[in-house]
Structure formats: structure tokens, C-alpha cells
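Only one structure is covered here, and it is reproduced in the block below.
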Amino acid sequence: MLALGLFLCLLCLSSAVCAYPKLTRPVATVDPFFSSPVPAQPAKAKPGHLQGQFQVARVRMMRVQFHDDDDECSLSTVSTYDGHYYAEEFVRIEDASDVGIITNRILMGVFSLTGVGVQTNNTHNEHPIFTVENWIRLGQAVGQSMRITEFRIYAADSNYYDPIRSTLIQDLFCDALAQNRSIQVLHTEGLEYSTGQIRIMRPFFSQSEGLTEIIFRGSDLRPGTIDELTEAIKERGGNAKTIRLIEYSSLSVANINQILAIIELAKECTHLTTLTLTHPFRSGFCLCSCRAIASFLASKNCMLKRLLLDGSRIKDDGCKVIARSLRHNRRLKWLYANDCGISDQGLASFTTAVCDTSSIESTLDSNHTLEGIIAGNFGSFKYVPATLATLLQLNKDRDKAATANLKVLRCHFSHGFDLTAAGLDAKILPYLLEWLGRLPNTYLRSECADPDDEATCRSAFFRISNTTLISAAIPAMIG
């Protein structure tokens, strides 16, 4: 019995000794994306402690799905970094087995991982790729992350068997995601949101200081749901200016109340530069919707540089309404209106907007900012009328004063000149004399019969009254 007692004592002592290092030293953990074990962070480590440990490691060769939004392609590649530079990774999750690995990396704060995309391709499969646990765990990981700046969900190909289609699961997912404050680009595709779910995510929309892009693609948001989002943006205060892009792509016919709600949302984003209101199945806008968009474009507070209306079926009437609103717009550079049912007649309405020839003053006050209009129908590219194309090309010049002058010369002087017909007044005359006073002297010799009268020929008055000289000189200057 004494021997047995001694044996048990030695056994207990041995176990305590073996356990002691675990109590005083953090356990080394292995990240499958790294070539060597990474020491775990102590419970009370100073900020940046873990970063210093990651700096000595390099990413091990592993297959990771990356997505390039500009080229719309996926690449299999790896990212490496040294002690001074971190490459950014956008990782796409396409299988449930990836969820555990990626969520672990997110929670560990891997510094190269800044973007996550979730792809659900189970249209013809009754057994969803992602489980309830997968969605909840992913939401919690992204919600707690301070590194993820880009988060995209591609659920357009998932069917109603997918747990994310459940109101309860989506509520839980939104609640977890609402804790995030680092996301700059939020892109969801194929998900519907209720007013309550946007309300759940209100802390994210109102408190994420770096939020720049909000994309709801393939969604059908009710006007009240959009209004809830607008109220959250209002709470951002000065940070509302960080939002530069809003995309709302609906699969159903957009009603006027939805468009009005989107326009109000855009107005709250004071520095918004890109607004997308597309309809993939050409479901169309009513003329009232076009007027709402036109009213926003005509506003002095509108900062849009790109407006995308693909599939909205605005047709020629809507095109004319929008064109009129651009006459005094000084921001918009590109208008995309593919599959909108626009004919050459509709496109021609933009000619007046960029060059109003009713008078010289009207030409000077025309739109000198719009640089491009893309308007194809049913997959075919459509060229804008030649005259409009020329004027849009002139608008690409950064010197807008020079652009305005060239338009005046081209439209009012290249085919002869009549003071009365051109609507010349005292306000315009000094500018006109200055322009014509700088005409090349090489055009004077043929017009002056008497060499002794060269001083008269050089005068601006002679030039302005000589339609032959104007017709010959101006095309050479602006062509």
C-alpha cells in the first residue's frame, strides 16, 4: 500500500510539471496559410504584438480564389509579404469546408486578408452548400473583424433551401454583421432585405467611418426599407461624404416610390459620384421616374460623375427629360443607358444640352462636362450621332473655357457669320474680338489686295466682317 501511495504521488507531481508550461506560456497555433507555427497572442498582449510576430512569417503556397471586379474573372494565386509590405487578399468562399479555415483566419486578424466573397452555387441542389452554423459563424467572424474592408455575398444562384433565405437566419446574420466597423465595400447579390433587417444593420451603416460603396444587386427593396437606410446615412453626419457609390439593381419593375426613395438616399450621400439604377431584364422606368432623376441631376448639390441606367427602358421621352436636366450640370461625365430603347432621335436630344446654338451666350453656357454616352440595345453597341460624338470629344479637354470657345467658333463661325443671326450683344463682343484678333496672319495675305493696307487687314473688325476669311480660318483652327 505504501508503494502504491508513493507511485500515485509521483504520478500527480509529474502531471503538474507537464501542465505548468501550459499555464505560463501561450500555446503555439498553426495557421494553415503559414509555413511555420505562429505563437498565440497572450491574453494581455500590447497592441501590435501579434503583428510583430506575423512580420517574420511568409504566406505558404496554397490555392486561394481571388476575384477581380474590373475584369470579372477569378484567379488562383497566392499572396506574400515581407516585414514592410502586406499584399491584400480577396478570398472567395465556395464550399462549406472553406468556412472554418477562412473564419479562423479572419478571427486571427491575418493582416493580408482584407476581402471576403461568399459564392453560393446550389440552384439545382436541394442540399445547400452552407449550413446555418456556417452562415452564423461567418457573420460573427466578419462582424468582429477590424481588417476586412471588402465583403461580398453572391447568393443569386442559391435557391430557397439555402438557410440565408430564412428570415430568422438572415436576421441573425445581419445582427452579427452589424458589429463590423472596418468594411468599406458592402456588396450583396440576390438577397432581399426587410425593413427590420436594415434596422438591425443600422449601427453598421451609421457608424462605419470608412464605408464607401453600398451595392444591392438583384434585390427588390421596398420604399420603406430604403427610407430606413436613408435615416441611417443621416446619422453619419459628416461621414456621409465617404460614400461614393450606390448601386441598386432590381429584377422587378421599379415604381416611382422606389426611385424617389433611392434619390433621397443619394442626396444624403453628399459626395456620391456613382449611382447605378439598373434592371437586367429591361423592366423599365416610368416617365415620372425619369423626371425624379432629372431633378436630382439639375440640383446644384449633385456630385455624380457616373450615372448607370442600363435596362431601365427610359426610351426617347425619358432621354429628352434627362438631357434637358444636363444643360447646366457641371459634374456628370458618363451616362450609361444600354438596353433602354433609345433611338438616334433620343440621343440627339443631348446635342442641345452640350451645345445650345440658339445664341453665342447659350453655347457658352452649355454643358462642357459630359464626356461619354453608352447606349446599346439588346447586346449591340450603338454609336452616338457624329455631331454629338464630336461635341463629347471636345468636352474631354480639361480647360473648359477653351472648350466653350471652340464650340462657339465651330457652331457660329465655321459657315459664315451674321451679327444679327448670331445674337451678338455687348457682353459677347469683347470676347469675340479677342478670339478673332488671334487668328493666324497667314490667312490675311489672300484677303488684302493692297499690301499697304495690311494694318487694316490685321484688325479684328476686318476679320469679323469678312465671312470668307472666317469660313477659311476657323475649320483650320478647330479641326
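The values are calculated or read from the model by the stated rules, or taken from the named source; none is laboratory data. Computed from a prediction, not measured in an experiment: that's the story for all the values here. Glycine also receives a Cβ, built like all others from the backbone with ideal geometry; neighbour counts cover every protein chain displayed.
Okay, here's what the table says:
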{"read-out": "Members of the range 242-260 found to be farther than 18 Å from Asp310 by Cα, at pLDDT 95 or above and surrounded by fewer than 22 Cβ atoms within 10 Å (Cβ to Cβ), listed by number", "value": "Thr242, Arg244"}
{"read-out": "Every residue from the range 114-127 that is modelled with pLDDT under 90 and either closer than 21 Å to Ala176 by Cα or among the aliphatic types (A, V, I, L, M) (or both)", "value": "Gln119, Thr120"}
{"read-out": "Test: residue in the range 71-87 that is modelled with pLDDT of 50 or more and under 20 Å from Pro163 (Cα atoms)", "value": "no"}
{"read-out": "Pair list, Cβ under 7 Å, 6 or more apart: the range 379-395 residue more than 15 Å from Ser343 (Cβ to Cβ), other residue among the small types (Gly, Ala, Ser) and modelled with pLDDT of 90 or more", "value": "Leu392/Gly372"}
{"read-out": "From the options Leu347, Leu304, residue that is modelled with pLDDT of 95 or more and either surrounded by 17 or more Cβ atoms within 10 Å (Cβ to Cβ) or not in a helix (DSSP H, G or I) (or both)", "value": "Leu304"}
{"read-out": "Meets criteria (over 23 Å from the mean Cα position of the chain (by Cα), within 17 Å of Phe350 (Cβ to Cβ) and not in a loop (DSSP other than H, G, I, E, B)) for Leu388", "value": "yes"}
{"read-out": "Qualifying helices (runs of 4 or more DSSP H) (wholly inside the range 105-224; at least 1 residues being surrounded by fewer than 18 Cβ atoms within 10 Å (Cβ to Cβ) and in contact (Cβ under 8 Å) with a residue 40 or more places away in the chain)", "value": "132-144"}
{"read-out": "All positions within the range 333-344 that are farther than 17 Å from Leu392 by Cα and either crowded, with 21+ Cβ neighbours inside 10 Å or touching a Phe, Trp or Tyr at 6+ places or on another chain (Cβ under 9 Å) (or both)", "value": "Asn338, Asp339, Cys340, Ile342"}
{"read-out": "Test result for Arg324, within 20 Å of the chain's Cα centre (by Cα) and either more than 30 Å from Phe413 (Cβ to Cβ) or surrounded by fewer than 19 Cβ atoms within 10 Å (Cβ to Cβ) (or both)", "value": "no"}
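Okay, residues lined up against (1) in contact with a helix residue (DSSP H, G or I) (Cβ under 7 Å, 6 or more places away or on another chain); (2) of a type in the set (Phe, Trp, Tyr):
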residue	(1), (2)
Met201	yes, no
Phe205	yes, yes
Pro223	yes, no
Ala232	yes, no
Arg236	yes, no
Glu247	no, no
Ser250	no, no
Asn255	no, no
Gln258	yes, no
